[in-house]
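Enquirer: Next up is a structure, given as structure tokens.
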Amino acid sequence: MVFKFFSSTKTVEKKFRKYVGRPVVTGDGKVIGTVVSIKLNKGDLKPISITVKMNDGSTREFDINDVNAVFTTDKVVFQKLNDEYTGLVNTFRNEVNSIKERLRDIMDKLNKLSDLLLQGGIKEDLYRDIRDRLEKERVKWIRQCNDKISAINDTLSEIDRKISDAEKRKSELMIKQVVGDLGDDEKNELTGLDELLNQLRKTRSELLSLRMDLEKECY
């Protein structure tokens, strides 16, 4: 059931305030967090953004149209949502592949240049000049390689912190579940934490693999 909101400002604001603390789920039913606040357009009183406390403890504001949000009786459904962790890994993967490609291209040119010198196809002074330029280019990309490894390490540290926080919160909720003191919102949170932990561990594994690829190229 989708609500039809009335034009009264106070009525509309009251309706939306009731969503604070309620779960936010994706179109396939995954709980990603809870509602913190909803911003309304001052003109037509339609929601324009929603702030969500994510399962990893962070707070994010989403544009209503970007996520195609639907307000049902007991939750908010994001029918369209880009997975931030998948996007993060894809961004790193593209950057890592670009660095690897450039380093391999430079090494290929250096090897061909050495072969050309040995075959007498190029004078030594020209060889040294071209080699020096290629080496400078290689040093620049090695620097970028090291910077990207540092960025991956920083991200891994952040993911480890989120995993630790999520595991701690999950333990707290499981204790409440055992003693029969777990509310409906907390049941949704517990489900969301399981999904979050799986996602974080998968992301961590993929980032470790990317870091290993870069280390092979740089060192």
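Enquirer: Restricting attention to the range 1-24, report how many residues are modelled with pLDDT under 90 and either under 11 Å from Val77 (Cα atoms) or within 20 Å of the chain's Cα centre (by Cα) (or both).
Expert: Number satisfying all stated conditions: 1.
Enquirer: Next question. Please work out if Ser49 is small (Gly, Ala, Ser), surrounded by 15 or more Cβ atoms within 10 Å (Cβ to Cβ) and more than 19 Å from the chain's Cα centre (by Cα).
Expert: Taking the combined requirement at face value, the residue satisfies it.
Enquirer: Is one or more of the residues making up the range 120-134 open to solvent by 80 Å² or more (accessible area, probe 1.4 Å) and under 18 Å from Gly57 (Cα atoms)?
Expert: no
Enquirer: List pairs: first in the range 145-166 and assigned by the TED database to the domain that holds Arg93 and touching a residue at least 12 places away in the same chain (Cβ under 8 Å), second among the β-branched types (Val, Ile, Thr) and open to solvent by 60 Å² or more (accessible area, probe 1.4 Å), Cβ under 6 Å, 6+ apart or cross-chain?
Expert: none
Enquirer: Still on this structure: I'd like to check something: does the range 184-193 contain any residue that is under 30 Å from the mean Cα position of the chain (by Cα) and either on the phi > 0 side of the Ramachandran plot or exposed (fewer than 11 other Cβ atoms within 10 Å of the Cβ) (or both)?
Expert: Scanning the range 184-193 turns up at least one residue that is under 30 Å from the mean Cα position of the chain (by Cα) and either on the phi > 0 side of the Ramachandran plot or exposed (fewer than 11 other Cβ atoms within 10 Å of the Cβ) (or both).
Enquirer: Do we find a residue being among the hydrophobic types (A, V, I, L, M, F, W, C), open to solvent by less than 30 Å² (accessible area, probe 1.4 Å), not assigned by the TED database to the domain that holds Lys202 and not in a strand (DSSP E or B) anywhere in the range 64-71?
Expert: Scanning the range 64-71 turns up at least one residue that is among the hydrophobic types (A, V, I, L, M, F, W, C), open to solvent by less than 30 Å² (accessible area, probe 1.4 Å), not assigned by the TED database to the domain that holds Lys202 and not in a strand (DSSP E or B).
Enquirer: So which residues in the range 28-46 are under 10 Å from Val77 (Cα atoms), in contact (Cβ under 8 Å) with a residue 12 or more places away in the chain and either open to solvent by 60 Å² or more (accessible area, probe 1.4 Å) or outside the structural domain of Val67 (by the TED database) (or both), if there are any at all?
Expert: Lys30
The values are calculated or read from the model by the stated rules, or taken from the named source; none is laboratory data. Since we're looking at a predicted model, the values are computed, not measured. Cβ atoms come from the backbone with ideal geometry, glycine included; neighbour counts cover every protein chain shown. Please note that ligands, DNA and RNA were not included when accessible areas were found on the heavy atoms of the full protein model with its side chains. Shrake-Rupley method; radii C 1.70, N 1.55, O 1.52, S 1.80 Å.
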